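All of the numbers you see were taken from the coordinates with simple rules; none came from a lab. If you're wondering where the values come from, they're calculated on a predicted model, not measured in any experiment. Heads up, the Cβs are rebuilt from the backbone with ideal geometry, glycines too, and the neighbour counts pull from every protein chain shown.
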Amino acid sequence: MLIDTHAHLDMEQFDGDRRETISRALEAGVGEILNVGYDRSTIDSTLRLADEHGSVWAALGIHPHNASDWDEALEEKLKQLLMRRKVLAVGEIGLDYYRDISPREKQREVFRRQIGIALYFGKPIVVHCRDAFDDVIRILHEEGAPEVGGIFHAFSGGEREAEVVLGLGFLIGIGGPLTYKNSKLPEVAIRLPSSSFVLETDSPYLPPEPYRGKRNEPAYVRIVAGKMAELRGVSVEDIERASETNYRRLLHGEEDFPLSIAYGLKRSVYINVTASCTNDCVFCSRLRTDNYLYGYNLSLIIDPTVEEMVAAANEVIADGDYEEIVFCGYGEPTARMKDLAAAARELRSYGLPMRLNTNGQGNMINRRDIVPELAELFERISISLNAPDAGTYVMVCRPDAGEKAFAAVVDFIGRAASSEMECTVSALDYPEVDIEATRELVESIRGARFRTRKYHLVSPAVS
Ligand code: SF4
């Protein structure tokens with residue numbers, strides 16, 4: 001289901017066709033809309049709308065433009081309304097130094113006050129931030145906002161700002177500007193972990209292309225989802241699942257998403273073999289976040305048995321149309337060589353091409369050459385190298401085995417590339433890595449194909 005996490009359907013622009021607009025959203029697959037009240041009157045009209053429509057929920061707060069209206073009576077009213085069942089968040093609140101409609105000192109005071117209210121009610125925050133990033137972050141930190149989390153609505157920053165927001169544990173709201181020519185948002189959007197974004201329209205504002213200049217409406221969140229899918233090389237369903245899960249976890253407090261031992265992404269079935277790894281890559285979210293990938297909960301506490309892997313894969317395959325089976329994990333599958341081989345043998349009966357994703361340390365881990373065994377099980381092998389030399393490898397991949405790991409991986413690549421398996425070696429375009437030197441090294445190995453992958457941002461606070 002698609003969710004529009006930011007709309008203002010109570011505004012006069014929708015007076016002529018509000019009900020039809022909500023129907024069009026439902027027809028477009030937008031199952032929930034978070035309508036945002038931002039001043040003395042729209043906190044009432046938002047709540048009325050939410051009460052009238054099952055698919056509409058409310059966020060209520062006082063916008064920085066209206067900070068000058070803040071008084072005890074308004075605070076009391078807001079607190080009363082926040083107790084209502086359909087109110088999920090406090091917002092939009094924040095700072096706007098671009099238009100400076102309320103004095104900055106007052107904006108900051110009202111922002112702090114409302115964060116305190118959100119903490120008191122245990123509700124997440126919808127943040128409005130314009131030309132005030134450093135102050136917004138400082139205040140969120142000082143007031144303890146990470147305890148409730150929230151959404152940075154209409155995010156327009158770069159990678160640095162995105163990393164800071166991720167460090168706070170907030171989600172990033174992506175809307176229509178993603179589709180604009182010359183927008184810098186796509187550069188950030190492709191690097192966001194799939195557990196860190198939600199989609200929004202900000203209707204009636206910021207319509208996506210081709211509706212720029214016209215009124216925006218929640219049904220158009222599908223266009224944003226489509227652009228996001230195109231940029232990240234996944235399907236719209238994958239974006240839908242990711243953004244809905246992120247929304248449900250934050251706004252509805254849902255946490256009972258079942259563990260996924262196998263899951264479908266694009267046209268591949270992935271099998272989550274293990275959470276243990278012999279590396280600790282600086283860009284890996286394995287030990288740093290809760291390991292949701294495109295809405296799938298991959299937080300393995302103990303490794304699945306062979307039977308569990310096979311049963312989970314059977315279930316996924318029965319439910320879709322897939323082109324390959326991939327053994328992977330937030331860890332190194334060859335550390336479970338015996339179980340990996342047993343599960344792969346069972347799943348060969350589907351006749352689908354089989355691929356192994358590995359960090360290439362399998363021979364070192366198993367203290368023997370496992371490539372001939374792998375070649376009997378897998379048609380394809382993808383090896384992540386991520387560095388052109390041992391020094392960079394140690395710095396970026398932080399292997400348990402230290403410097404000698406790099407030579408072992410290069411040796412493994414040589415053996416895999418000269419086997420029957422189609423061998424792809426990848427590197428993330430991480431800023432510290434000389435991608436061209438890595439490419440040269442890989443292309444000097446006969447039979448190895450090189451592929452660059454996009455790295456995803458990890459909060460600097462936790463990397
Ligand atoms: S090799 Fe893969 S799973 Fe292991 S730490 Fe690196 S990115 Fe994470």
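Quick query: amide H of Val126 versus all other amide H atoms, modeled in the peptide plane; which residues come in under 5 Å with a sequence gap of 5 or more or a different chain? When sequence neighbours closer than 5 places are left aside, the close amide H contacts are Val90, Gly91, Ile93, Ile151. Amide H to amide H distances under 5 Å link Phe450 with Val425, where only residues 5 or more positions off or on other chains count and H is placed in the peptide plane.
DSSP finds beta bridges in the stretch 262-453, and of those with both partners inside it, around 20 percent are antiparallel. For His6, the residues 5 or more places off, or on other chains, whose built amide H falls under 5 Å of its own are Leu34, Thr201, Asp202. Neighbours of Ile190 by Cβ distance under 14 Å: Lys/Arg scored +1, Asp/Glu scored -1, total +1. Along each principal axis, taking the top coordinate minus the bottom one, the Cα set of the stretch 262-453 gives 44, 37, 30 Å in descending order.
Excluding Val396 itself, calculate the net charge of residues whose Cβ lies under 14 Å from the Cβ of Val396, where each Lys or Arg counts +1 and each Asp or Glu counts -1.
Numbers: positive: Arg398, Arg453; negative: Asp280, Asp389, Glu403, Asp429, Glu432, Asp434.
Around Val396, the surrounding residues sum to -4.
Helical content of the chain, expressed as a calculated mean residue ellipticity at 222 nm, amounts to -11000 deg cm²/dmol (DSSP H runs of 4 or more residues, -39,500 (n - 2.57) each, divided by residue number, nearest 500). Compute the long axis of helix 337-347 from its Cα atoms, compare it with the longest principal axis of the Cα atoms of the chain, and write down the angle in degrees, 0 to 90, nearest 10. Taking the Cα atoms of the chain, the angle to 337-347 is about 80 degrees. Max-minus-min Cα coordinates of the stretch 143-219 on each principal axis give 39, 23, 20 Å, with the largest extent listed first. The Cα center of the stretch 403-420 and the Cα center of the stretch 115-164 differ in position by 45 Å. For the residue pairs Lys404/Lys454; Lys86/Lys214; Lys106/Lys184; Lys123/Lys184; Lys184/Lys214; Lys123/Lys227, alpha carbon separations beyond 24 Å are given by Lys404/Lys454; Lys86/Lys214; Lys106/Lys184; Lys123/Lys184; Lys123/Lys227.
Between the helical axis of 221-232 and the longest alpha-carbon principal axis of the chain there is an angle of about 30 degrees. Per the Debye calculation on the chain with a single equal scatterer at every Cα and no solvent contribution, log₁₀ I(q)/I(0) for q = 0.08, 0.14 Å⁻¹ amounts to -0.52, -1.25. Rounded, prolate or oblate for the stretch 2-251? Axes are the square roots of the Cα gyration tensor eigenvalues, ordered a ≥ b ≥ c, and the cut-off for rounded is a/c under 1.5. The shape class here is oblate.
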